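The values are calculated or read from the model by the stated rules, or taken from the named source; none is laboratory data. Note that this is a predicted model, so its numbers are computed, not measured. Backbone-built Cβ (ideal geometry, glycine too); neighbour counts: all protein chains shown.
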Amino acid sequence: MLQNGDDLAAFYKEPLGQWARHVLARRIRTAWPSVKGLRLLAYGYGTPYMRGFDAERAIAAMPAQLGVPAKSKSRHARLVCTEDALPFPDVFFDRILIVHGLESAEALRPLLRQLWRVLAPEGRVLLIAPNRASLWAQLDRSPFGHGRPFSRAELDRLLRDALFEPVRWERALYAPPFGPLRAHGWENIGARLFPAIGGVHVVEATKSLYAAATPGLAVPAKAALQTVRDLNFSSEEK
């Protein structure tokens, strides 16, 4: 059963969720040390990982099946959207972070094509998705145990079919999702000795520009531009 936004918010307040966020945030910052002056989209449930980003504009887009947590506070603009019609203009974002987005998707290909559409030609996508071979995908103690897990081959095929080119593959969350022992030593040891069992895939991809026109891919430009105008992209609290 898929979790909703309130379930995800509760997980990231627990010790296991705080540890997972810390580990994954380090991976994200390693891949993207700075997004200063860039436009950032976090799709799925990315708000825990957007802290401290110095993007020119940043927005968290949550799929309708997750919704916005009732008591969640965020300094970033947020909206609920449908995965097959993201309300943004073409080539609008320079960076797209996807967390808790693919495993909960109802239709993967339309979602990925929409993300391709709104990504700038030189943009980058960073995808975090549960690893089918891991304990994190088998146990429901974390959000990565809900929804659809993936093998590397499945993710590679999905991304390439949607005209993304994977350029970096990693795994993370090597400590089991139970017990008191969770330290960064697990990440180093696990990556060396048991690389296949990391809890999540961390994949960076670029946009392939050799795309044929796809009927019905874009959303109406007027509606997309109006949505952007209505959102507050400021990094400051209101």
query = Which condition does ARG124 not pass, out of (1) assigned to a strand (DSSP E or B); (2) out of contact with any Ser or Thr (no Cβ under 8 Å at 6 or more places or on another chain), if it passes all the others?
reply = (2)
task = Tell me, please, whether a residue that is aliphatic (A, V, I, L, M), surrounded by fewer than 17 Cβ atoms within 10 Å (Cβ to Cβ), touching a residue at least 24 places away in the same chain (Cβ under 8 Å) and under 26 Å from LYS36 (Cα atoms) can be found in segment 112-124.
result = yes
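Residues checked against (1) surrounded by fewer than 16 Cβ atoms within 10 Å (Cβ to Cβ); (2) in contact (Cβ under 8 Å) with a residue 60 or more places away in the chain; (3) among the aromatic types (Phe, Trp, Tyr):
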| position | (1), (2), (3) |
| --- | --- |
| PRO130 | no, yes, no |
| LEU139 | yes, no, no |
| SER151 | yes, no, no |
| ALA162 | no, no, no |
| PRO166 | no, no, no |
| TYR174 | no, no, yes |
| ASN188 | yes, no, no |
inquiry  = Please go through segment 190-207 and give me each residue that is without any contact (Cβ under 8 Å) to a residue 60 or more places away in the chain and either of a type in the set (Phe, Trp, Tyr) or surrounded by fewer than 14 Cβ atoms within 10 Å (Cβ to Cβ) (or both), ordered by number.
reply    = ARG192, LEU193, PHE194, PRO195
ask   = Within segment 41-51, is even one residue at pLDDT 95 or above and either part of a loop (DSSP other than H, G, I, E, B) or more than 24 Å from SER151 (Cβ to Cβ) (or both)?
value = yes
